[in-house]
Amino acid sequence: MQFMSDKLKGNLWGGRFKGEADPGFAEFNRSFGFDKRLFEVDVRASIAHCGGLTAGGLLTPNESEEISSALTSILERGRSEAGYFDETSAEDVHSFVEAHLVEMIGDAGRKLHTGRSRNDQVATDLRLWLRGEIDRITNTLRATQQALLELAETGSGAVMPGYTHLHRAQTVLFAHWCLAYFEMLARDRERLADVRKRVNILPLGSAALAGTSYPIDREAVARAIGFAAVSGNSLDAVSDRDFCIEFAAAASLVMVHLSRLAEDIIIFATTEFGFIELSDAIATGSSLMPQKKNPDSMELVRGKAGRIFGNLAALLAIMKGLPLAYNKDMQEDKEALFDTVDTLKACLEVTGTVLANIRLNEERMRAAATQGYLNATELADYLARKGVPFRAGHETVGRIVMLAIERGVELNDLSLDELKSFSPLIGPDVFESLSLEQTLATKSQAGGTAPEQVAEALAKARAVLLNS
Ligand code: ARG
């Protein structure tokens with residue numbers, strides 16, 4: 001084991017203190033174990049800050065060069081050297097980087113913290129890190145949409161029952177079901193793009209809480225790391241974690257969608273439904289029951305939704321009632337945020353894999369769609385088209401369904417005379433109306449499940465993916 005120098009212990013104060021921190025408290029106070037994930041962005045933001053100090057005449061060109069090349073080599077070492085993060089007692093990633101810098105170049109390194117506090121530094125790092133993750137998540141969301149679209153296209157001829165209250169309601173195209181989830185994920189992408197706008201603001205230059213007295217060109221620092229604007233109030237900038245909460249809320253909605261998709265898939269894969277089969281690649285067996293094939297992949301996605309909602313609740317609770325400005329409570333934001341990002345990405349990826357590994361049992365789907373009076377509403381609509389007030393037609397069809405149930409037959413198994421006995425307006429054209437094809441075809445307004453509407457929706461979805 002290599003012993004670390006005192007400098008690498010990374011204590012950032014000293015003058016005011018005579019005693020050593022209690023070791024138990026020092027450990028309790030540390031965040032390096034988890035915030036080392038911010039290492040890369042911390043170095044990038046530090047390089048930008050160095051540029052800001054240089055432009056403000058606060059560093060000589062030599063000092064500036066020394067600091068930025070030392071930071072670059074710290075970055076390289078962090079990327080390539082195994083164990084680089086192991087031997088340190090630094091409190092957090094900011095003190096870790098600074099301690100390495102000072103160890104490498106001495107006094108010039110000590111100048112980097114001019115006009116900066118860890119309070120604006122951590123807020124900057126977190127935003128920079130989250131911005132990158134939002135971009136990655138957006139790509140993964142897009143890939144999941146792509147998987148939904150491909151599944152819709154594979155099963156473009158398939159029909160299935162649509163459900164309300166988990167009871168068969170009306171026939172829909174399987175592609176229509178796929179595209180329902182496509183829409184949800186499209187909204188999720190919009191939401192994330194919106195959150196990203198508020199993430200993409202630079203707090204650096206707010207210093208500890210009051211702003212900085214040094215002539216640092218904040219706009220130039222913002223440009224250097226791609227932020228769209230600088231924060232407008234230093235007190236707010238160092239204590240604002242809305243962007244974390246907004247992100248966790250947007251992530252929670254993604255998880256609501258993924259868990260509903262998971263639930264549908266779990267149900268459709270049961271022996272009772274038998275609409276789909278999950279390939280071996282994404283299912284598991286039972287250690288006891290040899291016949292089992294379990295949808296663990298989707299159950300975990302459903303379960304992990306709870307975990308992300310928990311992170312959102314944690315973030316809200318951490319921030320609630322905090323006085324301005326920075327408080328150490330806010331160090332607790334990181335694990336909730338990191339876990340949200342990791343869990344969300346994993347769930348999106350697995351969901352994409354599941355979608356690519358679904359085999360449809362189109363016969364069973366069609367059979368289910370033709371049993372259980374899914375065409376009853378169509379019959380009421382038929383009567384309405386013949387001038388019967390919908391309420392009255394609804395009542396009549398209810399009685400027809402009752403008869404069919406007593407007989408144990410479907411509506412189209414009843415004879416024309418039997419049907420006519422309920423309403424003289426029923427003619428031989430009723431059988432066409434009761435056909436599965438016709439029940440679909442009539443749903444031809446925008447957003448409906450008629451084949452030509454769904455074909456249009458598929459084309460739109462393809463275009464969405466091409467253009468974004
Ligand atoms: N590790 C701290 C955090 O994550 C960094 C900021 C610390 N600032 C301070 N004044 N103690 O929030």
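Quick note: the coordinates plus some simple rules give every number you see, no bench work behind them. Because the structure is predicted, anything quoted here is derived from the model rather than measured. Virtual Cβ from ideal backbone geometry, glycine too; neighbours counted across all protein chains shown.
Excluding Glu349 itself, calculate the net charge of residues whose Cβ lies under 13 Å from the Cβ of Glu349, where each Lys or Arg counts +1 and each Asp or Glu counts -1.
Values: positive: Arg136, Arg142, Lys304, Lys345; negative: Asp342.
Counting the neighbours of Glu349, the net charge comes to +3.
Just flag the trypsin sites (Lys or Arg not before Pro) in segment 291-371 sitting in loop per DSSP whose Cβ has no more than 10 other Cβ atoms within 10 Å. The partial results should precede the final answer.
Working: sites: Lys292, Lys293, Arg302, Lys304, Arg307, Lys320, Lys328, Lys334, Lys345, Arg359, Arg364, Arg366; in loops: Lys292, Lys293, Lys320.
Loop-located and lightly packed - Lys320.
Write down the radius of gyration of the chain and its Dmax, each obtained from C-alpha positions, in Å.
Using the Cα atoms of the chain, the pair Rg, Dmax is 30.6, 101 Å.
Please compute the alpha carbon radius of gyration of segment 67-165, then divide it by the globular-protein estimate 2.2 N^0.38 Å. Two decimals is fine. Mind showing how you got there, number by number?
Details: Rg = 23.5 Å, N = 99, 2.2 N^0.38 = 12.6 Å.
After normalising by residue count via 2.2 N^0.38 Å, the value is 1.86.
Over the chain, what is the mean sequence separation of C-alpha contacts under 8 Å (at least six apart), divided by residue count, expressed as relative contact order in percent? Write down the numbers at each step before the final one.
Details: 625 pairs, mean separation 72.3, N = 468.
So the answer I get is 15 percent.
Taking K and R as +1 and D and E as -1, what net charge do the other residues with C-beta under 14 Å from the C-beta of Ser234 add up to? Could you put the intermediate results ahead of the total?
Values: positive: Arg116, Arg218; negative: Asp120, Asp236, Asp240.
Once positives and negatives cancel, what remains is -1.
Rounded if a/c is under 1.5, else prolate if a/b is larger than b/c, else oblate: which is segment 88-129, with a ≥ b ≥ c the root eigenvalues of its Cα gyration tensor? Show your work: numbers first, answer last.
Values: a/c = 2.42, a/b = 1.43, b/c = 1.69.
Since a/c reaches 1.5 but b/c is at least a/b, the shape of segment 88-129 is classed as oblate.
How are the Cα pair distances of segment 303-361 distributed, in percent, across 5 Å bins from 0?
Percent of pairs per bin, in order: 4, 16, 20, 16, 13, 10, 8, 5, 4, 2, 1, 1.
With a cut-off of at most 15 other beta carbons within 10 Å, and DSSP calling the residue loop, which GluC sites (Glu not before Pro) in segment 207-302 qualify? Please list them. Can you show the working numbers first?
Values: sites: Glu219, Glu246, Glu263, Glu272, Glu277, Glu299; in loops: Glu272.
Here the GluC sites (Glu not before Pro) that fit, given the DSSP loop and packing criteria, are Glu272.
Pulled fully out, how much extra length does the chain show between Glu272 and Glu456, if you take 0.36 nm times their separation in residues and subtract their Cα-Cα distance? Can you show the working numbers first?
Details: separation 184, 0.36 × 184 = 66.24 nm, distance 3.26 nm.
Length gained, Glu272 through Glu456: 63.0 nm.
Please compute the length gained on full extension between Asn467 and Phe85, using 0.36 nm multiplied by the number of residues separating them and subtracting their Cα-Cα distance. Don't jump to the answer; show the numbers that get you there.
Values: separation 382, 0.36 × 382 = 137.52 nm, distance 4.13 nm.
Length difference between fully extended and current span is 133.4 nm.
Between the alpha-carbon centers of segment 343-414 and segment 189-261, tell me the distance in whole angstrom.
47 Å
What does the C-alpha gyration tensor say about the overall shape of segment 343-455? Classify as rounded when a/c is under 1.5, otherwise prolate if a/b is larger than b/c, or oblate.
In terms of gyration-tensor shape, prolate.
Please give the length that would be gained between Thr164 and Asp217 if that part of the chain were fully extended, namely 0.36 nm times their separation in residues minus their C-alpha to C-alpha distance (nm, one decimal). List each step's numbers first, then the result.
Values: separation 53, 0.36 × 53 = 19.08 nm, distance 5.87 nm.
Length difference between fully extended and current span is 13.2 nm.
Which of the lysines could a cross-linker bridge to Lys345, judged by Cα under 16 Å and excluding same-chain residues fewer than eight apart?
Leaving aside lysines fewer than 8 places away in the same chain, those within reach of Lys345 are Lys304.
Could you list, in their original order, any pairs among Lys293/Lys460; Lys386/Lys443; Lys197/Lys334 whose Cα atoms are separated by more than 25 Å?
On the way: Lys293/Lys460 36 Å; Lys386/Lys443 18 Å; Lys197/Lys334 20 Å.
Over 25 Å apart, Cα to Cα: Lys293/Lys460.
Below 15 angstrom from the Cβ of Phe243, what's the summed charge of the other residues (Lys, Arg +1; Asp, Glu -1)? Display every interim value, and only then the final one.
Values: positive: Arg127, Arg131, Arg191, Arg196, Lys197, Arg198, Arg241, Lys334; negative: Asp120, Asp125, Glu133, Asp135, Asp194, Asp236, Asp240, Asp242, Glu246, Asp333.
Cβ neighbours under 15 Å give a net charge of -2.
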